[in-house]
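Notes follow once the structure below has been shown.
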Amino acid sequence: MYNKRDVERADAAVELFRRLGYPSEPTLIRMIRGGTLLNCDVTVDDIKRAIYIYCKPLASTKGKHTKTKLKLIDPVKLPIVTHEQQHIYLDIMHVRELPFLVTLVTPLNLIILTSKLDNRKTDHIWRKISSQLANLKKGFRVTEAR
């Protein structure tokens, strides 16, 4: 793809990157075109070829891409519309023949799904319902269950 002379010129461009402290590609091209570098044998094509062959030098990227701080967002107060008295509606739902206990809590509009029921015995289901009620008792009073 590239002959030996092109690769040697690309190597010279990489060395120039290193000696100048790894400036960005547009900055180095501007320096060469603007005549800032005197007696420089490296051309713009050599720089582009070096980047094509070896990619951009990692050191030219380091330190230039720093983590920017996020803008602070003013907190928004949302109105809490919950009633202390809640009604729950319970049902056993089957998904692919696996039973789950589903509870709808109103007017909170909360759906609680208990992990797969191990069996359908009354005491096992009652323990699952009791664990759901224990979670709701932390601020709500269940007045009706259906």
Every residue from segment 32-52 that is within 22 Å of residue 64 (Cβ to Cβ) and surrounded by 16 or more Cβ atoms within 10 Å (Cβ to Cβ): 32, 42, 47, 50, 51
Taking segment 42-100 and keeping residues aliphatic (A, V, I, L, M), farther than 30 Å from residue 113 by Cβ and at pLDDT 85 or above leaves 42, 44, 47, 50, 51, 53
From 119, 39, which residue is assigned to a loop (DSSP other than H, G, I, E, B), under 30 Å from residue 24 (Cα atoms) and either in the same structural domain as residue 29 (by TED's automatic domain parsing) or free of Cβ contacts under 8 Å to residues at least 24 places away in the same chain (or both)? 39
Meets criteria (in the same structural domain as residue 114 (by TED's automatic domain parsing) and either over 30 Å from residue 129 (Cβ atoms) or basic (Lys, Arg) (or both)) for residue 96: yes
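The values are calculated or read from the model by the stated rules, or taken from the named source; none is laboratory data. Since the structure is predicted, the reported quantities are computational estimates derived from the model, not experimental observations. Every residue, glycine among them, receives a Cβ derived from its backbone with ideal geometry; neighbour counts consider all protein chains shown.
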